Amino acid sequence: MNHINFRDLRYLVAVADHQHFGRASAACYVSQPTLSTQIKKLEAYLDVQLVERTSKRVLVTPIGRMITERARQVLNEVDDLVSVARTAGDPMSGDLRIGIIPTLGPYLIPHLFPVLQAQYPKLRLLLHEERTRGLVERLQEGTLDAAIMGVPVPDEGLIAQSLFKEPFEVALPADHPLAAQSSIGRNDLDATPMLLLEEGHCMRDQALDFCSRVGARQQQDFRATSLETLRQMVATGAGATLLPTLAVQAAGAQTEGLAVRAFSGTPPVRELAIYRRRGCAREPVVSALAELIRDLPPVRALSVT
């Protein structure tokens, strides 16, 4: 080897991600001997050991990790360059890789897709639903162009464009004393047992913050994997919870055994934003997507004072 090529950098990144030559070669669509040989040639050219080979797994050496992260940056720049070239004639065309948190995806995407297809028929949205930490990692790796997440996210290197603020509503068992009220005051929830999502959901942190301020208490023996699980558990009488307005609207008719009430006065809210890497080549289309989302009728109807 007398030079470094982008293909070998992709092989290195794949090995670092999978820590296994077999899985890395499958991800790169090459044979395992080919990938292993190219990694050895890259090590010889750089005159450093990039990986430690054991019988069960592959470990990236400290210098290997440093070079891998530089390789990611180089590959992101190359991918952005290719993207700019391919979409130069029509920026609103091609593939756009978007991530979204699971507490928003099922309730926003059905409104967004028809409008997006009507306005930008040459743009194909490739959607990936995951919790915040995974989306941030994918943005950093360059496998996503942008991600829709709750504010804030744990990475100051990402650029955010605000989308909207979404109020929370209270979901209660239908026979709960507070269900007789037309709206719920924050202080009404003092000492009320609250069901929350499991660790890793940004909405869990928002709900915990709200509970600490109003005196509500978390049900310690329960963690839900989704908003729909929360909804059903509340209907069984297990406790109360907070649901974002778009999720409430998406449910349509009331779930049997469930009562949903708005807050009186200023409701607790969550802020949603679309995040991208600094210098992302798809910035124009990400900005256009943000404008489209802000203009969706269900989003415009959200009333937050």
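The values are calculated or read from the model by the stated rules, or taken from the named source; none is laboratory data. Please read all numbers here as calculations on a predicted model, not as lab measurements. Cβ placement follows ideal geometry from the backbone for every residue including glycine, while neighbour counts extend to all protein chains displayed. Calculation scope for accessible area: heavy atoms of the full protein, side chains included, ligands and nucleic acids excluded. Shrake-Rupley method; radii C 1.70, N 1.55, O 1.52, S 1.80 Å.
Going through (1) modelled with pLDDT under 90; (2) basic (Lys, Arg); (3) in a strand (DSSP E or B) one by one, Arg276 falls short only on (1). Looking only at residues in region 6-59 that are in contact with an Asp or Glu (Cβ under 9 Å, 6 or more places away or on another chain) and assigned to a loop (DSSP other than H, G, I, E, B), the one that is farthest from Asp79 (Cα to Cα) is Gln49. Inspection of region 69-76 identifies no residue that is more than 27 Å from the chain's Cα centre (by Cα) and at pLDDT below 90. Here are some residues: Asp155, Asp175. Which one is of a type in the set (Asp, Glu), open to solvent by less than 60 Å² (accessible area, probe 1.4 Å) and not in a helix (DSSP H, G or I)? Testing whether each residue is of a type in the set (Asp, Glu), open to solvent by less than 60 Å² (accessible area, probe 1.4 Å) and not in a helix (DSSP H, G or I) leaves just Asp155. Of all residues in region 29-44, those that are among the aromatic types (Phe, Trp, Tyr) and at pLDDT 90 or above total 0.
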